[in-house]
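*Asks:* Sharing a structure here in structure tokens format.
Laboratory data are not the source of any read-out in this text; all were calculated from the coordinates shown. Since the model is a prediction, treat every value here as computed from it, not as a measurement. Here the Cβ positions follow ideal geometry from the backbone for every residue, glycine too, while neighbour counts run over all protein chains shown.
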Amino acid sequence: MMRWWLDKGIDGFRMDSVSLLDKPDGYPDAPNPGHALYADAQSTVADGKRLGDYFKEMNKEVLSKYDMVSIGEMDGSKIEDAKEYTDRDNHELDMIFQFEHVTLSPNKDPRFGKWNDEPVKLTDLKASLSKWQTGLNKTGWNSLYWNNHDQPRAVSRFGNDSTDYRALSAKMLGLTLHMMKGTPYIYQGEELGMTNCHYTAISQYQDLESVNAYNELVRKEKIIDKNTMMKYLETMSRDNARTPMQWDTSENAGFSKGTPWMAVNPNYRTINAASQVADPHSVFAFYQKLIKLRHTSDLVVYGDYKELDPDDSQVFAYLREYQGQKMLVISNFTADTVNRDYGQTRDDQLVISNYQDDQLTELRPYEAKTYLLS
């Protein structure tokens, strides 16, 4: 079947949950030290000893015979696992999707699982992304992403989806990620700054994970009240990423003339592709600039990564270095104006920014910029 699709001309496979291909015999119980309602079996069933052999066989029989890319979705995999699976000398996969940075959660009650509405701490996010940047710097290759079909919208979770700051923070998140080493992935609507859907009733949700969690925690166990759970779903539900693509201002956002199986996000009248494609200052136009930069700068593609000031809870800053060139990336993750001096001067080249002018050390709300250092 893999050969059949490749012969049709596809460019690769993003393989779902491939870390589960080798599971232990006997259905052993997973550890449950936190006494959650349902234990997470990931540590027991993922990354089995024969997994690398399966990838080698797949590569030998199919993948190596085509000009294509292979990506494995591997929740729970560690850096050492990723090195093994994506080391070119091992002839397995090209890269993996790891989940560490998108599963960061301040939730302290294990009974709730992933469900909460608290913002992720920037220091935790920086630590996770930086660990993977340095961990796969010499061996392997990173997949760079904020969004996919299982995650809430990035601008709502890591940025600010208010009217004032949605576009700025969407651009900031794009710049932060696309200036890192690895291959960026853009999920549908991310390039427009699409937001969480903000449903108000459980009947609007189609995602079984969300519906089952509501029934379990609110109706059965009665450990979360319905209003609180709706806030949790609004923050974390997978349906946030699954609402119809917002093409234009016509009925159903131009997605379909029929009735979509999920309600369209009502903000499609202001957030849609048609309104952004011709706007040189839109989120869409900014993503075009990021993509062009990655196609024209070896420094962005191949440069080493060094995090700056990991304890800063407001600003994410890092350096990229390649063949004597240095690039400074600065992102303000807050709605505050802050001052940070990383040695940037007027002699440095401002490569890209989400503001029209540059105040050097003064960082305005959600400001993000990249300098080529002199």
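*Asks:* Placing unit charges on C-beta atoms (Lys and Arg positive, Asp and Glu negative, everything else neutral), compute the dipole magnitude of the range 286-340 about its Cα centre in debye, rounded to 20.
*Replies:* Roughly 380 debye, rounded to the nearest 20.
*Asks:* Return a whole-number percent for the relative contact order of the chain, with Cα pairs under 8 Å and 6 or more residues apart as the contact set.
*Replies:* With pairs under 8 Å counted, the relative contact order is 13 percent.
*Asks:* How do 166, 111 rank when sorted from fewest to most other Cβ atoms within 10 Å of their own Cβ?
*Replies:* With the fewest neighbours first, 166, 111 line up as 111, 166.
*Asks:* Can you bin the range 33-191 into rounded, prolate or oblate? Criterion: square roots of the alpha carbon gyration tensor eigenvalues sorted a ≥ b ≥ c, rounded for a/c under 1.5, prolate for a/b above b/c, oblate for the rest.
*Replies:* Oblate, since a/c reaches 1.5 and b/c is not below a/b.
*Asks:* With a Förster radius of 41 Å, plug the Cβ-Cβ distance of residue 49 and residue 277 into 1/(1 + (r/R0)^6) and report the FRET value to the nearest 0.05.
*Replies:* Working from the Cβ atoms, E equals 0.25.
*Asks:* Can you compute 3J(HN,Hα) from phi for each residue in the range 5-19, using the Karplus curve 6.51 cos²θ - 1.76 cosθ + 1.60 with θ = phi - 60°, rounded to whole Hz and x for Gly and Pro?
*Replies:* Coupling constants for the range 5-19: 5, 5, 5, 6, x, 5, 9, x, 10, 9, 9, 6, 6, 6, 5 Hz.
*Asks:* Could you check which residue among 208, 104, 20 shows the biggest mean-square fluctuation in a GNM of the chain with a 10 Å Cα cutoff?
*Replies:* So, out of 208, 104, 20, the one fluctuating most is 208.
*Asks:* A further question on this structure: Applying 1/(1 + (r/R0)^6) with R0 = 41 Å to the Cβ-Cβ distance of residue 1 and residue 211, what FRET efficiency is obtained, to the nearest 0.05? Mind showing how you got there, number by number?
*Replies:* Working: r = 32 Å, r/R0 = 0.77.
Efficiency computed from Cβ-Cβ geometry: 0.85.
*Asks:* In whole angstrom, how far apart do the alpha carbon centroids of the range 271-323 and the range 61-132 sit?
*Replies:* Value for the Cα centre distance between the two parts: 20 Å.
*Asks:* Taking the DSSP beta bridges in the chain as the whole, what percent of them are antiparallel, to the nearest 5?
*Replies:* Bridges in the chain are about 70 percent antiparallel.
*Asks:* Which residue, 105, 353, 256, tops the fluctuation ranking in a GNM of the chain built on C-alpha contacts under 10 Å?
*Replies:* Fluctuation is largest for 256.
*Asks:* So between residue 83 and residue 270, what do we pick up on full extension, going 0.36 nm a residue minus the alpha carbon distance?
*Replies:* 63.0 nm
*Asks:* With 10 angstrom as the radius, rank 311, 164 by how many other C-beta atoms surround their C-beta, starting from the fewest.
*Replies:* If I rank by nearby Cβ atoms, fewest first, I get 311, 164.
*Asks:* Apply the a/c threshold of 1.5 to the C-alpha gyration tensor of the range 268-362 and tell me whether it is rounded, prolate or oblate. Could you put the intermediate results ahead of the total?
*Replies:* On the way: a/c = 2.00, a/b = 1.35, b/c = 1.49.
Since a/c reaches 1.5 but b/c is at least a/b, the shape of the range 268-362 is classed as oblate.
*Asks:* Once you have the Cα-Cα distance between residue 355 and residue 21, take 0.36 nm times their residue separation minus that, and quote the gain in nm to one decimal.
*Replies:* Numbers: separation 334, 0.36 × 334 = 120.24 nm, distance 4.64 nm.
My answer for the length gained is 115.6 nm.
*Asks:* Pop the C-beta distance of residue 36 and residue 127 into the FRET formula with R0 = 22 Å and round what comes out to the nearest 0.05.
*Replies:* With R0 = 22 Å, the Cβ-Cβ based efficiency is 0.35.
*Asks:* Next up: Considering the options 280, 318, 262, tell which one lies farthest towards the positive end of the dipole of the range 243-374, charges being +1 on Lys and Arg and -1 on Asp and Glu at the Cβ, about the Cα centre.
*Replies:* Farthest towards the positive pole: 262.
*Asks:* Assuming 0.36 nm per residue, please report the length gained on full extension of the stretch residue 374 to residue 200 beyond their Cα-Cα distance.
*Replies:* Numbers: separation 174, 0.36 × 174 = 62.64 nm, distance 5.17 nm.
Contour length minus Cα-Cα distance gives 57.5 nm.
*Asks:* Pull out a ≥ b ≥ c, the square roots of the eigenvalues of the alpha-carbon gyration tensor of the chain, then state rounded if a/c is under 1.5, prolate if not and a/b is larger than b/c, and oblate in the remaining case.
*Replies:* rounded
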